[in-house]
Structures are given as structure tokens and as C-alpha cells.
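Colleague: Let me give you the structure first, and then I'll get to my questions.
The values are calculated or read from the model by the stated rules, or taken from the named source; none is laboratory data. Note that this is a predicted model, so its numbers are computed, not measured. Quick reminder, even Gly has a Cβ in these numbers, built from the backbone with ideal geometry, and neighbours come from all protein chains shown. These area figures cover heavy atoms from the full protein model, side chains too; ligands, DNA and RNA do not enter into them. Shrake-Rupley method; radii C 1.70, N 1.55, O 1.52, S 1.80 Å.
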4 protein chains.
Amino acid sequence: MERTGPGDCRGATGRPRCPGKEAAILAAALTLLSEQGFVRMTLDGVARAAGVSKATIHLRFRTKTELAAAALRTLRPCSVPPETGDVRADLAAQLADFADTLARTSGMVLVGTCLAEEAHTPELLELLREHAVEPRRAAVRRLLDRARAQGLLRPEADLDASASALLGAFYADHLAGRATDEGWADRTVSAVLGALSP
Amino acid sequence: MERTGPGDCRGATGRPRCPGKEAAILAAALTLLSEQGFVRMTLDGVARAAGVSKATIHLRFRTKTELAAAALRTLRPCSVPPETGDVRADLAAQLADFADTLARTSGMVLVGTCLAEEAHTPELLELLREHAVEPRRAAVRRLLDRARAQGLLRPEADLDASASALLGAFYADHLAGRATDEGWADRTVSAVLGALSP
Amino acid sequence: MERTGPGDCRGATGRPRCPGKEAAILAAALTLLSEQGFVRMTLDGVARAAGVSKATIHLRFRTKTELAAAALRTLRPCSVPPETGDVRADLAAQLADFADTLARTSGMVLVGTCLAEEAHTPELLELLREHAVEPRRAAVRRLLDRARAQGLLRPEADLDASASALLGAFYADHLAGRATDEGWADRTVSAVLGALSP
Amino acid sequence: MERTGPGDCRGATGRPRCPGKEAAILAAALTLLSEQGFVRMTLDGVARAAGVSKATIHLRFRTKTELAAAALRTLRPCSVPPETGDVRADLAAQLADFADTLARTSGMVLVGTCLAEEAHTPELLELLREHAVEPRRAAVRRLLDRARAQGLLRPEADLDASASALLGAFYADHLAGRATDEGWADRTVSAVLGALSP
DNA sequence: AATGAATGAGATTTCATTCAT
DNA sequence: GATGAATGAAATCTCATTCAT
């Protein structure tokens, strides 16, 4: 029996994807992830928030974990406040942006859920690290390098440790229930760098 | 209904509660909370680990949330490494104990789950704060006060900010996937205080 | 801290199982298995038919497969029609009971689903074999042995093959859409044994 | 709407159907039906195996049931082993081919699923009967007629019952987990016909 | 008090089918 | 005609909580 193989009838593209849908799903997922954490986020909730059906989500993301991972990958590297040349001010601006971003986006819930899932779903922490923690850290680290180059810091200073102290202060203050708004960035830069000057 | 604390089995009439059970339940709950987070911790799991039935848990703790809260209340204030008089060394010892405790007890999962639940079950973060975060912070803060009294720090230094930087460095390093074992405490103390000296 | 281990407070039996419930579940499962096959049988359906909640089923049977397996284990070995001494008549009675049982209980659907699941859930066929096929076959085989002992069959006859032919005729007739009621057993015995006589 | 048979692509106006696809779909469907049964066979699976899209299947077969029915209609009547004149040998050859075909094609799963669906989708069993069971039975029956004509069987023998016994032995042996390969056909013919000789 | 039984409310995932190019 | 997208309707299984001894 002469049968033409499949393929010669192909070429059509099929129904095109409803354009905004993918973005809506990922945005909804990231929002709910940040508001409720990974386990409490439900596919039903994401579907409702995105205005699609659950099956449409599954069409793009095989599992809930994959969906959360994709949502984390949409995290944009931190905004880079314009650099003024005054490194100390730039550092404070960077920290202020960090604090503001975390506050505006329920970032600490997101951080918390990635930490809480470390044993069960380690991808989440890895992706958070790659897409949010590392970029921010790199920005801070770059400013510290510049500060040292300008002679504002001792040559032998451990800049990685300083970066950890600067950024970590936010986590510590949030956990302690201490204010992290007005003046927080300045106080933190002062405490960590104030006297690192030679 | 006033709940009686653990061990107090003579409060009212009727058969007294089996005394060891309360402690076993709380220990199991704290362990599972630290290993799996609040939402993944199941009452079945706690019951199995504690060697009791689920109903026995509900007899003492009306809801899962109450159980988790009670478990957090059993957190003992941080051990206080003996103070040597060398304040810098004492600070490093405190930080090393902090890091070690968090590592040994899956502490970052516990921290994470309390953060993740902040919107849904804020008691958890409050209790963690009261029973773990604050005591540790107070210990660090006391040492910083002493350092200032000894003239090791500038009189006008913002010691709260310094405490946040010292403790927060751990969170930042954990999130960044950086090592926090050998030498971490020393490096951190150096970075934050090294130059605070007048 | 002195804690008494779990165990010294034990001994109670807990709420007793609602007595008929287990049997109701298994009966419902066997019925639905026979009416709809394994895949179409739903736990919701079993729960409804048994008058229990789905979770109650899961309390006793961890998975749907385990439930179906347990249901198959409740299959009682075939009734043994009283033996008259007239071996030929006894054989016909056995076959008639076989046909009647299969007809009354949707037995062929059950056989079919076990066959259909052979690749996916081989336990089903194994259990059907053990609890229904083999007992019936053994009964037939015993009668054939007796017939040979009485000199009704040639000594060298392959009685296993004869048993397969006798019982298999039912399957073949059912598949062919041929009547298997009145007189079927007699006709079948005649066809297979009629001429085995020496 | 009258469905056009496979290969008939010139029936109406509009773009003709890609000819090979119909056959590919039916072949895939028959394979999966035989491997997994009707309920477990998914249209996604058929589409993947056939190299077409699900919608293409629905274009030709309105429902899953129609697809399965069409697949069953492609079953070719059993091969007819060449007849040698030795009717007994021809019968054994026919049975051996029967057993071999069922073994090679997961035929018993197919038989099982048609039985299992009898209440829900009776078409399947009807079509299996028409396209597989009856042709095979007719071939056997023809040989039995010939045997009687040659005087090898008693004139009054019930040849339908004999055909059922011969073919049914396979089902019985498969269900009992007994071997049906080497020598099975010979043993079966001997058991059923051995002594039918006058 | 302690237990095992029982349950209602959900969560993830699958699938046949329909839709829009 | 062919395709990939989209969806509503389940199905299995889990879990916090309550019940009956």
C-alpha cells in the first residue's frame, strides 16, 4: 500500500498562541508565589489570576515546579540606580533600591519560600540566587571595588564579606522587625563601611 | 479554654495527661517544621514521629497553627559561649555558634517558612523573632556595648546597625550559596568591625 | 528532662471500625469492576455505592489498584455442585454453574478487564487466576480424573488439554456471540468428551 | 455525514485529504488499542504514534469510539495456512497460527478490552467478532466440515461445539497462565478430536 | 485521656473535544 | 485540510479536623 509518510502535508502553524497568555500566567505565578509561597500557591489560583484554564497552564509547564521555576526566571536583574561618582552615595542608593524592591514585591515571602523549599525543591533557591541574589550582589560588589580603587577602603579589605554584611543587614532587620525604610540604607553603609577608610 | 503548659498535668479533674507526650509532640513538630516547612509538615507526620495519634495532638493544640506556634515557643535562647574578656573573640564565637546552630538544625528552612507564612500566619514570624532572633541579637548587642565601653569602638557607632550587619551576613551568604563554615565568623567580624576601631 | 516514652499510655483501641463498611466497599468495588472494568471504575463511584467517603476507602486501600486487588481476593471459589457419581452429569453441572456464574456476575467484563490490564496492572490477572480461574479448573480437572479412574476415558488422555477445551468453549462462544445457556454445558461435554471414551 | 473510506480522497470538493494519514492513524490506533486497551489509549498517544495532530484525527473520526471502531475494521481476516489435505494437520496449523497471531499482536489485550467495554461501548465487541473472531471460527469450522466429509468424524458430531472447544482452549490456557506455544495446537487438536473419530 | 475511624474540601494532573488560524 | 491552542470535566490522592469508643 502506497502511503505517503507524514510530513508532506505539514507546514501549517496551527492556531497561534493567544499572545499575552504566557506572560499573564508567569506574572500571576510570580505574584502568587510572592504572596503565598510555593506550597500555598495553587494552579487554580494562578489560572484564575491569569484568566486562563488550568489545562492551558499545563500546556506550557508540565508541573507546578516547572511553572514556579519559569516564574522565577522572569525576575529581572535589579535596576541599577545611576552612578554619581560618589561611591558611598551610590552604595546607599543601591541598598535603598534593594530594600524598596523587596518591600514593594513581597520579596521576603519569596525569599522565605525558596529557603523553606530548599530540601524539597532546591531549584527554587538556585533560580532565586541566579536571577535575584547574584545580580544584586554583583552590583554591590562592583561599587565596593570602585571604592577600593579610589582609596576609600583599605587595600586588604574583604569585599565579599562586606557585601554580605551590607545586603544581609536587610534580612536581619526584617527578621528582627526593625524598620528598613527611611535612612536604613545610610545607616547600614555607615555601619559597615564607615571606618573601613584607611 | 486555658491551655496548661507542658508538664502541668494536675490542673483540673479527670485523668491527667500523659506527661511525656506533650514534649514528644512539640519536639517532633519543631523538627518537622525545620525540615519541611509549615505547609508541608503534616499532622500525620508529627503524630508518627511523636508516637502518638493525631487526635492526641488536637487534644492539646486546637489547630495546626497553634501546634507550630507552641513548637516555636520551645526554642531555647541561644547558648552563650563563655566570655573571655577578649570582646572580639567573643563576638566571633557568638557568630560561629549562630552559624553552627542554624546549620545543625535546618534553621534556614525554619526561618524561610516563617518568612513565607508572614501574610498567612504571622504568628510564626513573631514567635521566631521573640524566641530565636531577638535573644541572639541581644547577645551580639551586649558584646558590642562592651566593646564600646572598652574603647574598641567609636562612641558614636550605630551598634544596632552593626549587629544587623554581623548577623545578616549569614543570611546573605546562605542565600548566595557562599560557605559559612571555617573562618566565616572571623571574616565577618573583621569586615564589619575591623575598622570601626577609632 | 525525664520523659516517659510513648507506649505507657497506650492500650486503648480507638474508635471501632464501622462494621459493615469494609465489606460494603469491597462488594461495591467488585460490582463496579465487573460492570465497568478497572479503568472506568472510579473511587467516587465505589464510595457512593458503598455509602462511604473516598477518604475512608483510602484508609483501607492505599491505591485504586490495591482496592481492586482486594476486591478480587473476595471472589469465592466456585460453588461445587453436589456430585452424583455420574461423572458426565457432574461435569455438565460444573460447566453449567460456570456459565451461570459468569452470566449472573458480568464475569466476562471482569475477565476482560483483567486481560486488558495485563501490561499495565498484571496483579489483576494473577489474582483472577488464583481466585477464580484456578479453582474452577481444579474442580473440572478432578472430575476428569475421576472419569478416567472409572474407565470412561482413555488412560493416555491429556486431561489438562481437555479441561481447557471444556472451559474455553465458554469464552469462545461468548466471544462469538453464541448462546451459552440451555443445553450449552451438555453440548460442550459431548463435543469434548463424547468420543474420548475408549 | 457519510464518512469516506480510507484512500478515497476524491469524494467531494475542497482540498483532498492527505492520503497516508488515515492509514497511519488507524494503524497507530490498533496498535495502542492492543497494547493499552480502549480507555488507556489516548488520542494524544495515537496522534504522536501516527505523526499527526489530534485535530486531524477528529477530522476523520468524530469520537474516540469511532476511531477505535474504524481501527477494528482494519483487522484482516486470519491468514489461511495452506491446506495439505491432511485435515488434522491443517487444523493444528490453523490453531497454531491463531495462537501465534494473538501472541504477536497482544491480541489478548485487545480481546480483553472489547470484553471489558461490552456494557459501555458494545460496538467494539461486535466489530472484533465480525472481523477477527468469526473469520477464524469459519476457517476452523470449514476444516471440521471437511473432516466429517472424509469420514474422520462421526456424522452426528456437533461441529460448532467442537470449534468452540478448539479455539476456546487458547483463551482458557492463557487465562490459566499455561503455555500456548510449542505443541499446544497439537495437544489441543488431540484432546478435542482425538477420539471423535468414529 | 487516648485512639483509630471517618470525612469534606481541595490539589495536581489528564483527556476528549472544540477553536482559530 | 491541518495544526497547535484552549478548555471543561473528571480522577486519584492528601490532609486538617471531628467522632465514637
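Colleague: Could you tell me which residue out of C:114, C:102, C:71 lies farthest along the dipole of chain C toward its positive end? Charges go on the beta carbon: Lys and Arg +1, Asp and Glu -1, centred on the Cα centre.
Modeller: Of the listed residues, the answer is C:71.
Colleague: Let me ask something additional. In degrees from 0 to 90, rounded to the nearest 10, what is the angle of the helix D:64-73 Cα long axis to the longest principal axis of chain D?
Modeller: 40 degrees
Colleague: Moving to a separate point now. Across the residues of D:155-162, average count of Cβ atoms on other protein chains within 10 Å?
Modeller: 5
Colleague: If you don't mind, another one. Report, for residue A:85, each distance to the same residue's label point in the other copies, shortest first and in nm; define the point 7 Å along Cα→Cβ.
Modeller: For residue A:85, the inter-copy label distances come out at 5.3, 11.5, 12.5 nm.
Colleague: Then there is this: Separation between the residue C:59 and residue D:119 pseudo-spin-labels, each 7 Å from Cα along Cα→Cβ, expressed in nm?
Modeller: Taking the two extended label points, one gets 2.7 nm.
Colleague: Mind checking how much accessible area D and C bury in total, 1.4 Å probe, in Å² rounded to 100?
Modeller: Adding both sides of the contact gives about 3700 Å².
Colleague: Still on this model: Using only the alpha-carbon atoms, what does the range D:87-193 span along each of its principal axes? Please give whole angstrom values in decreasing order.
Modeller: Each principal axis gives a Cα extent; for the range D:87-193 these are 45, 27, 19 Å.
Colleague: How large is the dipole of the range B:87-193 about the Cα centre if only Lys and Arg carry +1 and Asp and Glu carry -1, each at its Cβ, rounded to the nearest 20 debye?
Modeller: 400 debye
Colleague: Treat every Asp and Glu Cβ in chain B as -1 and every Lys and Arg Cβ as +1, leave all other atoms uncharged, and give the resulting dipole magnitude about the Cα centre to the nearest 20 debye.
Modeller: So the magnitude is around 820 debye.
Colleague: Given a 1.4 angstrom probe, I'd like the percentage of the accessible area of the protein assembly as shown that is carbon and sulfur, rounded to a whole number.
Modeller: 54 percent
Colleague: Could you pull the copy-to-copy label distances for residue D:177, with points set 7 Å along Cα to Cβ, in nm to one decimal and sorted shortest first?
Modeller: 3.5, 5.1, 6.6
Colleague: For n ≥ 4 DSSP H runs only, could you compute -39500 (n - 2.57) per run for the protein assembly as shown, divide by its residues and tell me the 222 nm figure to the nearest 500?
Modeller: Estimated from H runs of four or more residues: -19500 deg cm²/dmol.
Colleague: Let me confirm one metric for peptide D:105-114, namely the mean number of other chain beta-carbon atoms within 10 Å of its residues' beta-carbons.
Modeller: If you average over the peptide's residues, the count of other-chain Cβ atoms is 5.
Colleague: Give me the accessible area per residue for the range C:87-193, probe 1.4 Å, as a whole number in Å².
Modeller: Value returned for the range C:87-193: 37 Å² of accessible area per residue.
Colleague: At a probe radius of 1.4 Å, what is the per-residue accessible area of residue A:120, in Å² to the nearest 10?
Modeller: For residue A:120, the solvent-accessible surface is approximately 110 Å².
Colleague: Here's another thing I want to ask about it. Could you state the per residue volume, in Å³, of the convex hull enclosing the Cα atoms of the protein assembly as shown?
Modeller: 258 Å³
Colleague: Here is a further query. Taking a point 7 Å out from Cα toward Cβ as the label site, list the nm distances between residue B:59 and the same residue in every other copy, smallest first.
Modeller: 1.8, 5.4, 6.9
Colleague: Please give the net charge around residue B:94, taking every other residue with its beta carbon less than 10 angstrom from that of residue B:94, where Lys and Arg add +1 and Asp and Glu add -1.
Modeller: In short, -1.
Colleague: Mind jotting down the distance between the C-alpha centroids of the range B:108-185 and the range A:70-115, whole Å?
Modeller: 20 Å
Colleague: Give me the one-decimal Kirkwood hydrodynamic radius in Å for the range C:21-73, with the sum taken over alpha-carbon pairs.
Modeller: Roughly 10.3 Å, rounded to one decimal.
Colleague: Between residue A:150 and residue A:178, what length in nm is gained on full extension when 0.36 nm per residue of separation is reduced by their alpha carbon distance?
Modeller: Extra length from residue A:150 to residue A:178 when fully extended: 6.8 nm.
Colleague: Here's another thing I want to ask about it. Can you list the lysines whose alpha carbon is less than 27 Å from that of residue B:54, not counting same-chain residues fewer than 8 positions off?
Modeller: B:21, B:64, C:21, C:54, C:64
Colleague: Can you find, among A:92, A:152, A:174, the residue sitting farthest towards the positive end of the charge dipole of the range A:87-193, where Lys and Arg contribute +1 and Asp and Glu -1 at Cβ?
Modeller: Farthest towards the positive pole: A:152.
Colleague: Now, a different point. Run the quick spin-label model on residue B:105 and residue D:104: label points 7 Å from Cα toward the beta carbon, then report their separation in nm to one decimal.
Modeller: 7.0 nm
Colleague: Please name whichever of B:162, C:81, A:191 sits farthest to the positive end of the charge dipole of the protein assembly as shown, dipole taken about the Cα centre and charges placed at Cβ: Lys and Arg +1, Asp and Glu -1.
Modeller: C:81
Colleague: If I take the Cα coordinates of chain B and project them onto the principal axes, what are the three extents in Å, biggest first?
Modeller: On the principal axes, chain B reaches 66, 36, 29 Å in Cα extent.
Colleague: Across the residues of D:126-139, average count of Cβ atoms on other protein chains within 10 Å?
Modeller: 2
Colleague: Hey, got a sec? Which GluC sites (Glu not before Pro) in the range D:121-190 land in a DSSP loop and have at most 13 other Cβ atoms within 10 Å?
Modeller: Those that pass, being in a loop and sparsely packed, are D:156, D:182.
Colleague: Could you size up the charge dipole of the range D:28-73 around its Cα centre, putting +1 on the beta carbon of Lys and Arg and -1 on that of Asp and Glu, and report it in debye to the nearest 20?
Modeller: Here the range D:28-73 has a charge dipole of around 120 debye.
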